[in-house]
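Here the structure comes first, spelled out in structure tokens, and everything after it is commentary.
Computed from the coordinates by the stated procedures, all read-outs in this text should not be read as laboratory data. For clarity, every value in this text was computed on a predicted model and none was experimentally measured. When we count neighbours, we look across all protein chains shown, and the Cβ atoms used for this are built from the backbone with ideal geometry, even at glycine.
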Amino acid sequence: MKLYKELDSIYSQFSKAVELNLEVEAISRLEFASAKNQALQIKNKYQQAQRDYTIALQKLNLWLGSEIIYTVPDDYQSNVLGSNFNKNVSQHPELLFSRNV
């Protein structure tokens, strides 16, 4: 969602630049309409990502069935595999067996 937020910001600035180019007649109305359409598509995707995130959190809290409302911090870094992943993989019995064969 962070990516869509950045893209939305970039395309908002792009949209303003396109409007200025149209005013000074540097581009055609077709180019203007196309550029505005691209900016609106990004804005819609960003809003959809926000709605999807909110729905996912609501479903999570529904499944947990608690009085506490859980959220995910903005700076969350997933470490599902753990920091010892490479050490654990190198000691996996099947890998050790295949090296010895």
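Residue separation of LYS43 and LEU20 scaled by 0.36 nm, minus their Cα-Cα distance, works out to 6.3 nm of gained length. Projected label points at LEU95 and VAL72, each 7 Å from Cα along the beta carbon direction, are separated by 2.7 nanometres. Net charge within 11 Å of ASP8 by Cβ-Cβ distance, Lys/Arg positive one each and Asp/Glu negative one each, not counting ASP8 itself? Local charge sum for ASP8: +3. Number of Lys-Lys pairs in the chain with C-alpha atoms under 29 Å apart and a separation of 8 or more places or on different chains: 16.
Using only DSSP helix segments of four residues or longer, with each worth -39500 (n - 2.57), what per-residue ellipticity at 222 nm results for the chain after dividing by its residue count and rounding to 500?
Details: 4 runs with 72 residues, N = 101.
Calculated from helices alone, the mean residue ellipticity at 222 nm is -24000 deg cm²/dmol.
Place a +1 charge on the Cβ of each Lys and Arg in the chain and a -1 charge on the Cβ of each Asp and Glu, then give the dipole magnitude about the Cα centre in debye, rounded to the nearest 20. Don't jump to the answer; show the numbers that get you there.
Working: 11 positive and 11 negative charges, 56 e Å.
Dipole of the chain, to the nearest 20 debye: 260 debye.
Scanning the chain for chymotrypsin sites (Phe, Trp or Tyr not before Pro) in DSSP loops with at most 13 neighbouring Cβ atoms within 10 Å leaves 1-69 as the longest stretch between them. With no solvent and one equal point scatterer placed on each C-alpha of the chain, evaluate the Debye formula and give log10 I(q)/I(0) for q = 0.11, 0.13, 0.18, 0.24 Å⁻¹, two decimals. The calculated log intensity ratios at q = 0.11, 0.13, 0.18, 0.24 Å⁻¹ are -0.65, -0.74, -0.92, -1.18.
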